[in-house]
Amino acid sequence: MTNSIVLVSAKGGSGKTTTALNLAVAFADKGRSALLLDLDPQGSIGLSLARNDTEWAGLAEYLMGQATLDQVIIRTKQEKLSILPRGRLDPTDVCEYEKALHSSQELGALLDQLEDRYDYILIDTQSGLGMVTRSAMAVSNYVLVPLQAEPLALRSVSQVLRVIEFVQREENPTLTLLGILPTMVDLGHAASRNVMSTVWSEFEGIFDSFIPRAQVFVRASEKGLPISFMSGRIPAEARRFDMLAAEIETAIAELGGMPAKLDERTERELI
């Protein structure tokens, strides 16, 4: 069974695309087959990987019948990781693209075609709670909410939770909130500490893992790489995504879902 996870944030700057990319890599590094699906009309996954805006054919060509699904899925050099990019979309056609995804059954049919081909499908959406994001939640198994550790983001998280509850009630009763992921956390800054204190004390479903604010993300963005692909020592931040991937797999199992095979060990003797 494929586990589809859509990442949703009410405002920009939450690290949503960075999380989607590095989490997909973490799953692949664990031996899980993962597809990174870029629904963002801006094509944020391609931009994060330093690709020209018109370099990759993708979802847009598939939706227009100009390419088959296999023709637009990119197999990366990480054997277990594939990418379905946004495709070549003129900025003036964004409204039509959003309407097509929202008003048709195409997105659900797409995920049906991908069923059982991957252990995990990570769906990156645009910031905000518009048509494409709603459509993605309507056809996904799980939703993950990156929350930037700053006051404005904290004030807006209730909007995300309200929309998730609406989709669960009216459109997709099987949609499950995996949890809220604090991002851009800077415990050396008072405002960030205050947000984290509020999150830990007042919200349920907060991941134990959190993503810190760190220069390695800037350097990786400059090079167009996931952070674990950078030269030199593996950064500590990359290990946080490994921890997050393990936490997600455990959460899916506890929710009664069908995660990829969990890492297990038999009892051993030391002496």
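The values are calculated or read from the model by the stated rules, or taken from the named source; none is laboratory data. None of the values given here were measured: they were computed from a predicted structure. Note that we place each Cβ from the backbone using ideal geometry, even for glycine, and neighbour counts take in every protein chain shown. Just so you know, the surface numbers come from the protein's heavy atoms only, side chains and all, with ligands and any DNA or RNA stripped out. Shrake-Rupley method; radii C 1.70, N 1.55, O 1.52, S 1.80 Å.
Structural remarks
- Taking region 123-154 as the range and being more than 17 Å from Thr17 (Cβ to Cβ), in contact (Cβ under 8 Å) with a residue 60 or more places away in the chain, touching a strand residue (DSSP E or B) at 6+ places or on another chain (Cβ under 9 Å) and open to solvent by 20 Å² or more (accessible area, probe 1.4 Å) as the test, the residues that pass are Val139, Asn141.
- Residue satisfying all of: in region 18-32; open to solvent by 20 Å² or more (accessible area, probe 1.4 Å) and in contact with a Ser or Thr (Cβ under 8 Å, 6 or more places away or on another chain); nearest to Tyr120 (Cα to Cα) among these: Asp29
- Some residue of region 168-183 being closer than 16 Å to Asp29 by Cα and assigned to a helix (DSSP H, G or I): no
- Region 79-114, residues that are within 17 Å of Ala67 (Cβ to Cβ), without any contact (Cβ under 8 Å) to a residue 12 or more places away in the chain and in a loop (DSSP other than H, G, I, E, B): Asp90
- Residue that is hydroxyl-bearing (Ser, Thr, Tyr) and surrounded by 13 or more Cβ atoms within 10 Å (Cβ to Cβ), where the choices are Ser197, Ser192: Ser192
- One residue alone among Ser103, Ser4 is of a type in the set (Ser, Thr, Tyr) and in contact with a strand residue (DSSP E or B) (Cβ under 9 Å, 6 or more places away or on another chain), and that residue is Ser4.
- Residue list for region 47-63, restricted to those being touching a Lys or Arg at 6+ places or on another chain (Cβ under 8 Å), open to solvent by 10 Å² or more (accessible area, probe 1.4 Å) and not in a loop (DSSP other than H, G, I, E, B): Glu61
- Members of region 238-252 found to be surrounded by 20 or more Cβ atoms within 10 Å (Cβ to Cβ) and either within 17 Å of Gly205 (Cβ to Cβ) or touching a Leu at 6+ places or on another chain (Cβ under 7 Å) (or both), listed by number: Phe241, Leu244, Ala245, Ile248, Glu249, Ile252
- Some residue of region 134-143 being aromatic (Phe, Trp, Tyr) and part of a helix (DSSP H, G or I): no
- Candidate set from region 89-121 (those that are modelled with pLDDT of 90 or more and open to solvent by 70 Å² or more (accessible area, probe 1.4 Å)); member that is nearest to Asn141 (Cα to Cα): Asp112
- Taken over region 184-198, the criterion of being of a type in the set (A, V, I, L, M, F, W, C) and in a helix (DSSP H, G or I) is satisfied by Ala190, Ala191, Val195, Met196.
- Neighbours by Cβ (under 6 Å, 6+ apart or cross-chain): first from region 199-211, farther than 12 Å from Pro182 by Cα; second in a loop (DSSP other than H, G, I, E, B) and of a type in the set (Phe, Trp, Tyr): none
- Among residues of region 180-193 that are over 20 Å from Phe241 (Cα atoms), those with a beta-carbon under 8 Å from a residue that is open to solvent by 10 Å² or more (accessible area, probe 1.4 Å) and part of a helix (DSSP H, G or I) at least six positions away or on a different chain give the pairs Ala191/Pro151.
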